[in-house]
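For reference, the structure discussed in these notes is given below.
The values are calculated or read from the model by the stated rules, or taken from the named source; none is laboratory data. All figures in this text were calculated on a predicted structure; none of them were measured in a lab. Here the Cβ is made from the backbone with ideal geometry for all residues, glycine too, and neighbour counts use every protein chain on show. Remember, those area values only see protein heavy atoms, side chains included, never the ligands or the DNA or RNA. Shrake-Rupley method; radii C 1.70, N 1.55, O 1.52, S 1.80 Å.
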Amino acid sequence: MSAMNSMQRTLTALGQQEPDCVPLFLLTSLHGAKELGLSIEQYFSRAEQVADGQLRLLEKYRSDCLYAFYYAAIETEAWGGTTLFLPDGPPLCGAPVITRPEHIDTLRTPSVADAEPLQRVLESIRQMKARVGDTVPIIAVAVAPFSLPVMQMGFDKYIELIYQDRPRFERLMALNIEFTVAWANAQLDAGATAICYFDPVSSTTNIPRELYLQTGQEVAKRTLPRIKGPTATHMASGRCLPILADIAATGTAVVGVSVLEDLAELKAAANKRVSLLGNLNGVEMRRWTADDAERAVKQAIAQAAAGGGFILSDNHGEIPWQVPDDVLLAIRAAADKWGRYPLDWVRDWKPPA
Amino acid sequence: MKKAAHPLATPFRHALEALDRVTAEAVFANALEQLSPLQAVEQVVVPALEAVGAAWHDGNVALSQVYMSGRFCEEIVDRVLPPSDPDRKHQPRSAIVVLSDYHLLGKRIVYSVMRASGFELFDYGRMDVDELVERVLADRIRVLLISVLILPSALKVKEACRRLKTADPALKILVGGAPFLFDPQLWQEVGADATGASAADAVAIVERWMGEMQ
């Protein structure tokens, strides 16, 4: 089979067919700052730096996507929130913008056009798109309306809201859906290929399935059809095997899955209704040797890549700042070595004891 | 020594998992007719919370259920064993903190479950390493529980452990949070004495240390 470009490779895999090799999405957002010799805060302050950083990482690691994600808290900046920048980790959300449930009664959905931080992200996407055209997928991120309140009001208060104040929960969801739809579509209009819909609260790590069906799934069903492009629902390390079919029913194309679950079982449960993205352990990756990287890559490919429908990636949607270049390059090398279709070697592969 | 679970622990646990407050209250009231308040806590509440925590670790119960169960149990235990009650476990002198991180849910759950299990402990909220070292030594803490969510915070535990252990080698440090779940070697790398996969683990480990310190 002649070599495909990253877009062809990814689309073929998402079409449940085998491309030339397993697509590899190395979701390195913070590493762009290292590449440019900037602090994380400096790096994210200018759109052209992020575009440049991501393009340099694309060349270095030969990943199959560009990642337009800045940091999750940038969305709450649009709602009036603040961001705390760390020297060595993901920027965090500052104080909650909803300090009492009653605030929800008067809350208004912010305009994407008026939010300067979001406009910066859109400009980065435009610059990346101008450079790669349709050869490399540009993955943008929108936090799910159902998961956004963790940053808007704090996780503990949000759990209490879900269980104890359903009218205000519904009002907040209505506001958040409008925001997420506008934000996702603005990124698609700027040139993003697909939206990674981060929805970790829906994970069965965080809420039981019965509650997901009443809440997170309902919200996704009201949101995803209004997003004018493909979506990948990401559980950000959380479990999802018991709800994989329920997630597929929301119309999403891809599900980001956790290393806490067996990839072969997930692949069987996906049953070609959705593709899988995952599930390398980003936390352990920090101290992997080249052999560790090869073992993990080989296992993931053996468990999930046959027949397509699989993109090799980390299991959180962001590779930690502490993961060194040589590990990322070892992952790339292992994907090159073991990811070429047809995967005849998989028939003889045995899972580690 | 760990107390055997009373038969009411099972229906109490089921009511907790279903977030059925009315049934949980009724089962606990039934327990109080048969047991002293301390026995009801040790033989009904603690085993139920342990089972909920283990079920979360196995993927059979969600964090929202663990959180709401912990808050509810904290409330009913406060009612029958107020913080000043002599049956409360004030020893070993313990504290819990979120280190260099702004994700507070994990600490809130462990704090609730510890208190619902009869322990009294200082809640330090969120601190950086310098402030934590100063406070732990000033308060003469013997057991410190550190919670984190993100990897950079987990790596800062190393400095906290080094400085605290240098000043007080007898101090016991228990760590928990996502980085320790995803990397089972990390707790040893940062120099902690143990890690817990759930709030119930924290109770069991502190109880074990309490026995060793007596």
Looking for whichever is in the same structural domain as B:Glu25 (by TED's automatic domain parsing) and within 14 Å of the chain's Cα centre (by Cα) here; the options are B:Val52, B:Val113, B:Val98, B:Val41. Which one fits?
-> B:Val52
Report, by residue number, each residue of region A:31-67 that is surrounded by fewer than 16 Cβ atoms within 10 Å (Cβ to Cβ), under 23 Å from A:Ala335 (Cα atoms) and in contact with a helix residue (DSSP H, G or I) (Cβ under 9 Å, 6 or more places away or on another chain).
-> A:Arg56, A:Arg62
In this structure, is B:Arg108 open to solvent by 40 Å² or more (accessible area, probe 1.4 Å) and assigned to a helix (DSSP H, G or I)?
-> yes
If you take the residues of region A:250-293 that are touching a residue at least 60 places away in the same chain (Cβ under 8 Å) and of a type outside the set (A, V, I, L, M, F, W, C), which of them is nearest to A:Ala142 (Cα to Cα)?
-> A:Gly256
Among the residues of region B:151-178 satisfying the criterion of being within 14 Å of chain A (Cβ to nearest Cβ) and open to solvent by 20 Å² or more (accessible area, probe 1.4 Å), which is nearest to the chain's Cα centre (by Cα)?
-> B:Gly177
Residues in region A:158-188 that are without any contact (Cβ under 8 Å) to a residue 12 or more places away in the chain and among the charged types (D, E, K, R): how many?
-> 3
Return the only residue of A:Ile40, A:Ile104, A:Ile139 being among the β-branched types (Val, Ile, Thr) and in contact with a strand residue (DSSP E or B) (Cβ under 6 Å, 6 or more places away or on another chain).
-> A:Ile139
Taking A:Ala306, is it among the small types (Gly, Ala, Ser), in a loop (DSSP other than H, G, I, E, B), open to solvent by 10 Å² or more (accessible area, probe 1.4 Å) and touching a residue at least 40 places away in the same chain (Cβ under 8 Å)?
-> yes
From the set of residues in region A:76-92 that are within 7 Å of another protein chain (Cβ to nearest Cβ) and outside any loop (DSSP other than H, G, I, E, B), which is farthest from A:Glu41 (Cα to Cα)?
-> A:Leu92
Reported set for region A:149-188 where residues are within 14 Å of chain B (Cβ to nearest Cβ), acidic (Asp, Glu) and either assigned to a helix (DSSP H, G or I) or buried (at least 22 other Cβ atoms within 10 Å of the Cβ) (or both) is A:Asp156, A:Glu160
If we scan region B:67-74, do we find a residue that is farther than 30 Å from A:Leu86 by Cβ, of a type in the set (Asp, Glu) and open to solvent by less than 40 Å² (accessible area, probe 1.4 Å)?
-> yes
Tell me which of these A:Ala296 doesn't satisfy, since it passes every other one: (1) open to solvent by 10 Å² or more (accessible area, probe 1.4 Å); (2) part of a loop (DSSP other than H, G, I, E, B).
-> (2)
Region B:133-214: helices (runs of 4 or more DSSP H) wholly inside it with 3 or more residues that are touching a Lys or Arg at 6+ places or on another chain (Cβ under 9 Å) are B:199-213
Answer yes if at least one residue in region B:182-191 is away from chain A (no Cβ under 14 Å) and either among the acidic types (Asp, Glu) or surrounded by fewer than 23 Cβ atoms within 10 Å (Cβ to Cβ) (or both), and no otherwise.
-> yes
Do you know which residues across region B:111-132 are touching a Phe, Trp or Tyr at 6+ places or on another chain (Cβ under 9 Å), part of a helix (DSSP H, G or I) and acidic (Asp, Glu)?
-> B:Glu131
Residue hits (region A:81-114; of a type in the set (Gly, Ala, Ser) and open to solvent by 10 Å² or more (accessible area, probe 1.4 Å)) are A:Gly81, A:Gly94, A:Ala95, A:Ser111, A:Ala113
